[in-house]
Amino acid sequence: MRGGGAMVTAERATVRLVCAECGAGYPLDQPRYRCDCGGLLDVRQPLDALRGQISRELFDGRLGSRDRRDQSGVWRFRELLGDYTPEEIVTKPEGRGNLYEDERLTAWAGVGRLWLKHEGENPTGSFKDRGMTVGMTQARRLGARTVACASSGNTSAALAAYAATAGLTALAFVPEGKVALAKIAQTVAYGARVIQVRGDFDAAMRLVQEVARAPEYGVYLLNSINPFRLEGQKTILFDALQGLGWCVPDAIALPGGNLGNTAAFGKALAELRDLGLIDRLPRLVVVQAAGAAPFARAFAGGFAAGSFAAVRAETLATAIRIGDPVSYPRARRAIALTGGIVTTVGDEAIMRAKAAIDAAGIGCEPASAATLAGVRALVAAGALPADAAVLGILTGHLLKDGEAVVVYHGATPPPPGANPPLTIDPTLDAVKALLDAR
Ligand code: F0G
């Protein structure tokens, strides 16, 4: 017996892929990423069958269990992910990042309460592990031999690591010269074939979709266009809200790049509400880098027809250097559902916020810090109340982008919070001179 009772298992036969645009349904047992109409697909979970079968108590009762699935902050919520058997699941486990509350950062952001859920504390250092454990499990169920993604570095690291766990071949298409060194190093080390594309992330994304469409390569695509990735990423919120005792904050802030997480968060919140696990919806606050902000521009245009246009992206937060986000339509729905906000912050504000998060002993990569920078800017502008309770998502680990740290702290003139390394001769006098000077 898997997870729940026989009734749930029987009803799960109705899990299927549904087009978000035209409502057409497709079976789960074939690789498919788009509807015949071109729309993106969602995994439709059988919420009617699950209602009354799952509860906060069911999930809370699994905390502390030795079952590997319960130890994963993804598979602990398995009833909402599909009907995989324990043997099928490819898990490390993942989804065990801390939920931080630091008074200095709350004050810095200017809000009433601030929690930071650290998804950089996943096995490969980013939230991508949550999507990848489900995506790779589905890849194995489909009998895929080769999996692929385009990536600004974190997806490729997660793809490579989970493919290695599952025993599959991995292909990672990355924009040449635009990926942080540590992410390339991970992807290479975990054994993926790294294909550097002369072009930006968006070019690599277009290319990998062409590769996945060509039947002769037999490649299963594991970018967030793949709806199973988003099923895994839903659990960021399941897990964070469970950590908050199922109390819903006023707002949930996250960085937006390819918009997979934004889409996943909208779906997660809708499911939790429909199942009665939460009693209200928080506002989603999506923060984009000012140089890579097509979603924010569309939001400012009221998501009217023609308000969305791809841009040539530029930001030092390389993880979100994305100008043509694949999940735009489903992310738009998530904003509409939650009365959400989409905003932008400049690179300087991102790096200042990152320095604050780092100096609090928490740390994150630049893209993650957009979250805090965005919240601070929205409070200052009066768009978020100063007494708001906010959950922020830190998406990647500090060590993902060491170059950004070294450049920031070594800059002249020194930016806020600069802490450059010092160099001295190996003498006590030199130490004394240095400490006296301080
Ligand atoms: N933060 C980090 C650390 C990321 O790596 C990404 C995306 C995002 C935020 C944006 O999330 O795409 O769901 O809006 N990184 C992808 C990659 C594109 O290839 O690693 P999104």
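Derivation of every value follows stated rules applied to the coordinates shown; laboratory data play no part. Since the model is a prediction, treat every value here as computed from it, not as a measurement. Neighbour counts run over all protein chains shown; Cβ positions are idealised from the backbone, glycine included.
What's the magnitude of the charge dipole for the chain around its Cα centre, counting Lys and Arg as +1 and Asp and Glu as -1 at the beta-carbon? Answer in Debye, nearest 20.
Using Cβ point charges on Lys, Arg, Asp and Glu, the chain gives about 700 debye.
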**OP:** Report, in debye and to the nearest 20, how large the dipole of region 188-335 comes out about its Cα centre when Lys and Arg carry +1 and Asp and Glu carry -1 on their Cβ.
**Re:** 200
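Taking R0 as 51 Å, what's the FRET efficiency between residue 26 and residue 429 from their Cβ-Cβ distance, rounded to 0.05?
Values: r = 74 Å, r/R0 = 1.45.
E(calc), rounded to 0.05, equals 0.10.
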Original post:
How much FRET efficiency would the formula 1/(1 + (r/R0)^6) give for residue 203 and residue 403, where r is the Cβ-Cβ distance and R0 is 25 Å, rounded to 0.05?
Top reply: 0.65
Original post:
Gap in Å between the Cα centre of region 62-128 and the Cα centre of region 16-43?
Top reply: 28
Subject >> Inter-part distance where region 250-269 and region 277-340 are each reduced to a Cα centre, Å >> reply: 9
Subject >> Pair residue 412, residue 176: separation of 7 Å Cα→Cβ label points (nm) >> reply: 3.4
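State to the nearest 20 debye the size of the charge dipole of region 84-142 about its Cα centre, where the only charges are +1 on K and R beta carbons and -1 on D and E beta carbons.
Details: 9 positive and 9 negative charges, 34 e Å.
Value, rounded to 20: 160 debye.
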**OP:** May I ask you to evaluate 6.51 cos²θ - 1.76 cosθ + 1.60, the Karplus curve with θ = phi - 60°, for each residue of region 136-141 and list the ³J(HN,Hα) values in order in whole Hz, giving x for glycine and proline?
**Re:** 6, 4, 5, 4, 5, 4
**OP:** Provide the per-residue ³J(HN,Hα) series for region 387-398, in order, calculated from phi with Karplus coefficients 6.51, -1.76, 1.60 and θ = phi - 60°, each as a whole number of Hz, with x at glycine and proline positions.
**Re:** 9, 5, 9, 10, 9, x, 9, 8, 8, x, 6, 3
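Could you work out how much longer the chain between residue 48 and residue 98 gets when fully extended? Use 0.36 nm per residue separation minus the Cα distance between them, nm to one decimal. Working shown, then result.
Working: separation 50, 0.36 × 50 = 18.00 nm, distance 3.22 nm.
Between residue 48 and residue 98, full extension yields an extra 14.8 nm.
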Original post:
Hey, what number do you get for the chain at 222 nm if only DSSP H runs of n ≥ 4 count, each worth -39500 (n - 2.57), divided across all residues, to the nearest 500?
Top reply: -11500 deg cm²/dmol
Original post:
Any idea what angle helix 227-243 forms with the longest principal axis of the chain, computed on alpha-carbon atoms, 0 to 90 degrees, nearest 10?
Top reply: 60
Original post:
Taking θ as phi - 60°, what are the ³J(HN,Hα) couplings along region 159-165 by the Karplus curve (6.51, -1.76, 1.60), each to the nearest whole Hz, with x for Gly and Pro?
Top reply: 4, 4, 5, 6, 5, 4, 4
Original post:
Going highest first, how would you order 93-103, 320-330, 248-258 by mean Cβ packing within 10 Å?
Top reply: 248-258, 320-330, 93-103
Subject >> Cross-link table 92/267; 117/267; 117/354; 183/267; 234/354; 128/183, entries beyond 20 Å C-alpha to C-alpha >> reply: 92/267; 183/267; 234/354
**OP:** Using a 10 Å cut-off on Cβ atoms, rank the peptides 74-84, 361-371, 237-247 from the highest mean neighbour count down.
**Re:** 361-371, 74-84, 237-247
Subject >> Amide proton proximity set for residue 301, modelled H, under 5 Å, gap of 5+ >> reply: none
